[in-house]
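The values are calculated or read from the model by the stated rules, or taken from the named source; none is laboratory data. Nothing here was measured: the structure is a model prediction, and the numbers come from that model. Because the Cβ atoms are built from the backbone with ideal geometry, glycine has one as well, and the counts that use them run over all protein chains shown. Please note that ligands, DNA and RNA were not included when accessible areas were found on the heavy atoms of the full protein model with its side chains. Shrake-Rupley method; radii C 1.70, N 1.55, O 1.52, S 1.80 Å.
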Amino acid sequence: MTQVERILDILDDGRYHSTPELVEKTRATRIASRIWDIKQKGFKVEDRFGDYGFKEYRLDKEPIQLTII
């Protein structure tokens, strides 16, 4: 399983997860880079600053609105 797949698996619950938590659970050290990779695959990832100034991420599972022309 790749680092991106492991991070996606954790973010799949829709809750916010901190950078230290993701590092601990995935052993990936460049979380922001992996989040960028995930966004490039078309996923919407929300982020915010959490406790102690660490970034927190969550997968936005909002359905995509399609417009039919």
Per the Kirkwood definition applied to all pairs of different Cα atoms, how many angstroms is the hydrodynamic radius of the chain? 12.5
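In square angstrom, what is the accessible area per residue of region 1-63 with a 1.4 angstrom probe? Before the final figure, lay out each step's value.
On the way: 4310 Å² over 63 residues.
Heavy-atom accessible area per residue stands at 68 Å².
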Out of S33, I7, V23 - ranked by how far each Cα lies towards the positive end of the dipole of the chain, with unit charges on the beta-carbon of charged residues - the top one is S33
Run the accessible area of the chain with a 1.4 Å probe and give the carbon-and-sulfur part as a rounded percent. 51
So which aspartates and glutamates pass the test for K61, namely a Cα distance under 12 Å, with those fewer than 8 places away in the same chain ruled out? D12, D13, E46
